[in-house]
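Asker: Submitted below is the structure of interest, expressed as structure tokens.
The values are calculated or read from the model by the stated rules, or taken from the named source; none is laboratory data. Note that the structure is predicted; figures quoted are calculated from it, not measured. No Cβ is skipped: glycine too gets one built from the backbone with ideal geometry, and neighbour counts run over all protein chains shown.
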Amino acid sequence: MAQVRVFNLGYDPETGIGELLHTTTVRHAFGMIRREVADPVELTMLGDRIVPTALELTRELSGAWVEGAGQRSVGFSYRAVHERDHWSCAYCSRSVSKTPACEALLATVDHILPSSRGGPSSWTNLVSACKECNNRKADRTPEEAGMHVRVEPYDPARSYRIAGHSEGLPILAPR
């Protein structure tokens, strides 16, 4: 089944510049058009039917709403942090696991700015860490512990959306 790209208000079909929010099915796209939530901006022939390939929302969707209005981003979990960091320790770069060969390589999640000092549990303050490095860092910042964060933590939902790759967002199975 064909996928339809859904853009925020302000999409320019001539240049292709606009904020891609997500992709959807043709059936859902027709429902969005019928409810006047979106307008078709690109059409194509699919068999004997004309179907939309791109929609533009009729109202601008603010970034705060897309990101959860100050709450956690879509798909946020400790497992998702490990997935984002490719199951590698942000401090020593060793592979971590839920079932490691040795206890030191147990996958943990570390707050760069410790939560006891007001550090939030957010994409940009959490990194994957092995148990050994997490214990060594303890309740200190990496600088205070003499450690270096080898990766720059980022919000994958935001970076995928800005790059126009929302179809590549990680899909996590419900627990």
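Asker: Just checking, how many residues over the range 6-59 are of a type in the set (Asp, Glu) and crowded, with 17+ Cβ neighbours inside 10 Å?
Answerer: So the first thing to find is which residues in the range 6-59 are of a type in the set (Asp, Glu), and the list is 12, 14, 19, 36, 39, 42, 48, 56.
Next, from what is left, pick out any that are crowded, with 17+ Cβ neighbours inside 10 Å: 19, 56.
Here the count works out to 2.
Asker: Additional query: Please go through the range 22-62 and give me each residue that is without any contact (Cβ under 8 Å) to a residue 60 or more places away in the chain, within 14 Å of Gln3 (Cα to Cα) and touching a helix residue (DSSP H, G or I) at 6+ places or on another chain (Cβ under 7 Å), ordered by number.
Answerer: Pro40, Val51, Pro52, Leu55
Asker: Which numbered condition trips up Ser128, out of (1) in a loop (DSSP other than H, G, I, E, B); (2) surrounded by 15 or more Cβ atoms within 10 Å (Cβ to Cβ); (3) in contact with a His (Cβ under 9 Å, 6 or more places away or on another chain)?
Answerer: (1)
Asker: Conditions first: (1) at pLDDT 85 or above; (2) part of a loop (DSSP other than H, G, I, E, B); (3) closer than 30 Å to Glu144 by Cα. Phe76 passes all but one, so which condition is the exception?
Answerer: So the condition that Phe76 fails would be (1).
Per-residue answers, yes or no, for (1) acidic (Asp, Glu); (2) touching a strand residue (DSSP E or B) at 6+ places or on another chain (Cβ under 8 Å):
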position	(1), (2)
His111	no, yes
Arg117	no, no
Ala129	no, yes
Asn134	no, yes
Pro142	no, no
Gly146	no, no
Glu152	yes, no
